[in-house]
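Engineer: Dropping a structure here in structure tokens format, bear with me for questions.
The values are calculated or read from the model by the stated rules, or taken from the named source; none is laboratory data. Bear in mind that the values here come from a model prediction, so they are computed numbers and not experimental data. FYI the Cβ positions are ideal-geometry reconstructions off the backbone, even for glycines, and counts take in every protein chain you see. Remember, those area values only see protein heavy atoms, side chains included, never the ligands or the DNA or RNA. Shrake-Rupley method; radii C 1.70, N 1.55, O 1.52, S 1.80 Å.
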Amino acid sequence: MLSAPPLRPGYDYIIVGAGSGGCVVARRLIARTDASVLLIEAGEPGLADPSILDPTRWVGLTRGRFDWGYDYAPSPLTDNRRIGIPRGKVLGGSSAINAMMWYRGHPSDYDAWEAAGAEGWGFEACLPYFKRAEDWQDGETAYRGAGGPLRIERSPDPHPLALALIEAAEECGIPVIDDPNGPANEGAVLANFNIAGGCRWSAARGYLEPILVKPRLTVLTGSLAVRIVIDKDRAVGITHLVDGMPVTTPASQEVILAAGAIDTPRLLWLSGIGDPLDLRRLDIPVRVPLPGVGMNLQDHPLVRACNFRSKAPMGPMRGNGGGSMINWRSRAELHAPDLHVFPVQGMSAVPEIAASHDLSGDIFALAPGLMRSKSAGYLRLLGRDPGAPMEIQPNFLAEPADLKALIAGIELTMELVATRAIAPFMAGYAAPARPPSAAEAEAFVRNACTTFYHTCGTCRMGEDSEAVVDSRLRVHGVDGLRIADASVIPIIPSCNTHAPVTMIGERAADFIVKKA
């Protein structure tokens, strides 16, 4: 168990949320300044929990004690289903319960951020911060880092299905590449994982554990932040729960929000920062009018999944249950991949697909998803209490192009299972029960559409009237308040969000240290 020192009367910096962004900022502030730092986490420590450390048990962490238990609101576009959206409530945040993928997408993702108004966030500017985080098994290159806090490795013993998917892609004319985080990401490749020695390597393990002994750092778990304390136009502290009772702790320099794309907007709203109409609806006094808080919610839609009968049992799970991936284009004219397909060493289905198909016996799956989705949604706070429910609506498939691309993903999946490479596994179709027609593929997408767990964008960077933070991650209209999590992302990148959020944390720390 983590033994936290007593709270000081105040701190130089207070960080809310010990996830992929917050752990980074804490580590760098302790290493590069003489400041006192309070890191507040609502969840448990979980540092030595075997269910977190074991990569094969990650699926079972969802809807458990380390998960906030959020859901996306039903939508007719996805057959009015409620879609679970796991978010980590533990040291390490979602990096402690996710699928451990380390992937930063395509360089143009970050150039698009800069074009959208995030000045200085193009790929060339971001690359050094990705490298700073990494301890890549193959060592430093122009694109990869070594010696950083996060260990990153390929599977040392990939599952035969993972290797077969790469061979199948090559049969389909898709190139095979060495590293998805190298100079090109288009093709089939073994995945990069935050796994070392057979154990998960979360943000808490990589960034936080080495500094827990530092006397200037206080890590307080089980403490929910309920309000930012604002004096005039400056954030001067946090009100948070300690043993269930509200305590106000001052911050003399800055407050850094890293509670994630759902809970950072909630905390802003509860503090009177947001759209005045929404705040007045909840009878919350308006401190700073920022109508963009909670808007621009983005996530990647995943079809979970295309299931097939296997000629033999899959055997014990290896790694995270996948092991490889394909990045490909749904249309030839695209400048970069938008489709992402990965294998599953067993059955994988949302409840509605599992209930309507026979998935008994030996099963393997391929899961196609869209990494350049255009649909955007919103958050809406439904009460003024800290634990009040929220409407979380991603608007999956609202853009017709997203649906069309996912249907192309289904078609690609059917091509892959018809290859010689997959033939040793393939014993028949399970879900869909046969290769689908276009209409059947659309129906399957709507019924099987779920989340990649990549919620972001709800406090986006920019200088326009809908932006919440500037390009130095400072909240507009409030001195001494920054955000360092996925909420600041203006356009969702074509990758898992752990790597981009780690990079955001690295940059946030730089801005803070340099007082930029």
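Engineer: For region 119-208, what class follows from the C-alpha gyration tensor (a ≥ b ≥ c being the square roots of its eigenvalues): rounded when a/c is under 1.5, otherwise prolate if a/b is larger than b/c, else oblate?
Structural biologist: oblate
Engineer: Using alpha carbon centroids, what distance separates region 62-95 and region 1-57, in Å?
Structural biologist: When both Cα centres are located, 23 Å separates them.
Engineer: Using only Cα atoms, what is the ratio of the radius of gyration of region 170-212 to 2.2 N^0.38 Å?
Structural biologist: 1.68
Engineer: Under the Kirkwood approximation applied to all pairs of distinct alpha-carbon atoms, what is the hydrodynamic radius of the chain in Å?
Structural biologist: Taking every pair of different Cα atoms in the chain, averaging 1/r and inverting gives 23.0 Å.
Engineer: Which order do the peptides 481-490, 355-364, 27-36 take when ranked by the mean count of other beta-carbon atoms within 10 Å per residue, highest first?
Structural biologist: Peptide ranking by packing, descending: 481-490, 27-36, 355-364.
Engineer: What is the percent carbon and sulfur in the accessible area of the chain, measuring with a 1.4 Å probe over the protein chains and ignoring ligands?
Structural biologist: Solvent-exposed carbon and sulfur of the chain make up 53 percent of the total.
Engineer: Please give me the summed charge of the neighbours of Leu77: other residues whose Cβ is under 12 Å from its Cβ, Lys and Arg +1, Asp and Glu -1.
Structural biologist: Result for the local shell: -2.
Engineer: Mind ranking 223-233, 365-375 by how tightly packed they are, going by the mean number of other C-beta atoms within 10 angstrom, highest first?
Structural biologist: 365-375, 223-233
Engineer: Quick one: 3J(HN,Hα) in Hz for region 117-129, Karplus 6.51/-1.76/1.60 with θ = phi - 60°, rounded, Gly and Pro as x.
Structural biologist: x, 8, 4, x, 10, x, 4, 4, 6, 7, 3, x, 7
Engineer: Students often check this: by mean Cβ neighbours within 10 Å, which of 245-253, 81-89 ranks highest, and how do the rest follow?
Structural biologist: The packing order, highest mean first, is 81-89, 245-253.
Engineer: List every residue whose amide H lies under 5 Å from the amide H of Arg87, counting only residues 5 or more places away in sequence or on a different chain, with H placed 1.01 Å from N in the peptide plane.
Structural biologist: Trp68, Gly69, Tyr70
Engineer: If you don't mind, there's one more thing I want to ask. Which pairs break 26 Å Cα to Cα here: Lys374/Lys514; Lys89/Lys514; Lys131/Lys514; Lys214/Lys514?
Structural biologist: Violating the 26 Å limit, Cα to Cα: Lys374/Lys514; Lys89/Lys514.
Engineer: Can you compute 3J(HN,Hα) from phi for each residue in region 394-399, using the Karplus curve 6.51 cos²θ - 1.76 cosθ + 1.60 with θ = phi - 60°, rounded to whole Hz and x for Gly and Pro?
Structural biologist: Rounded to whole hertz, the list is x, 6, 3, 6, 5, 8.
Engineer: Working from the alpha-carbon coordinates of region 329-384, get Rg over Rh, Rh being the Kirkwood radius.
Structural biologist: 1.15
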